[in-house]
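The values are calculated or read from the model by the stated rules, or taken from the named source; none is laboratory data. Source: prediction; values computed, not measured. Cβ placement follows ideal geometry from the backbone for every residue including glycine, while neighbour counts extend to all protein chains displayed. The accessibility values were calculated without ligands, DNA or RNA, using every heavy atom of the protein model including side chains. Shrake-Rupley method; radii C 1.70, N 1.55, O 1.52, S 1.80 Å.
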Amino acid sequence: MDAFNPEVQLTIGSRFENIELVKVVLDDCLQRLGADGDARHWIEIAMREAVANAIKHGNHQDPTKKVAVEMGIDGDEIVISVADEGSGFDPTTVHDPLAPENRF
């Protein structure tokens, strides 16, 4: 993918009630793009999960930390980026969730 130039940028405090603000802006963007109701529904679910994870796991619900959400179009794709201010993690240290020994 080429450099992503977001059309919408939001920065919210790490509070779960702020997810509704992101939802309203996202829904408006998707309606303007002509996305059908089913597509909007699934994109909203993915966005809610990403923002909730950023608040809970990335920022540990610290209201002084921010979550940045960017939305835009790249070719024929809708691109949504969610970033938190957490310390992150090394993905190479995460066990493969699909490996039989890691399934519950």
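Order 65-77, 29-41 from most to least packed using the mean count of other Cβ atoms within 10 Å.
Numbers: 65-77: 15.5, 29-41: 12.2.
Ranking the peptides 65-77, 29-41 by packing returns 65-77, 29-41.
Could you work out the helix-only [θ] at 222 nm for the chain, with each DSSP H run of four or more residues adding -39,500 (n - 2.57) and the total divided by the number of residues, to the nearest 500 deg cm²/dmol?
Numbers: 2 runs with 32 residues, N = 104.
When only DSSP H runs of four or more count, the value is -10000 deg cm²/dmol.
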Which whole-number percentage describes the relative contact order of the chain, with Cα contacts under 8 Å and a sequence gap of 6 or more?
33
What is the set of long-range amide H partners of Val79 at a cut-off below 5 Å, with H atoms built 1.01 Å from backbone N?
Gly72, Ile73, Asp74
Mind checking the angle between helix 37-53 and the chain's longest principal axis? C-alpha axes, 0 to 90 degrees, to the nearest 10.
40
What do you get for the angle between helix 19-33 and the principal long axis of the chain? Use alpha-carbon atoms, 0 to 90 degrees, nearest ten.
50
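Give me the percent of the accessible area of the chain that comes from carbon and sulfur atoms, probe 1.4 Å, all protein chains in place.
Working: 3790 of 7250 Å².
For the chain, the apolar C and S fraction of the accessible surface comes to 52 percent.
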In terms of Cα to Cα distance under 18 Å, which lysines are near enough to Lys23, apart from those fewer than 8 places away along the same chain?
Lys56, Lys66
Rh_Kirkwood(the chain) over Cα pairs, Å, one decimal, evaluates to 15.1
Under a point spin-label approximation (7 Å from Cα along Cα-to-Cβ), what is the Ser81-Ala52 distance to one decimal in nm?
2.5
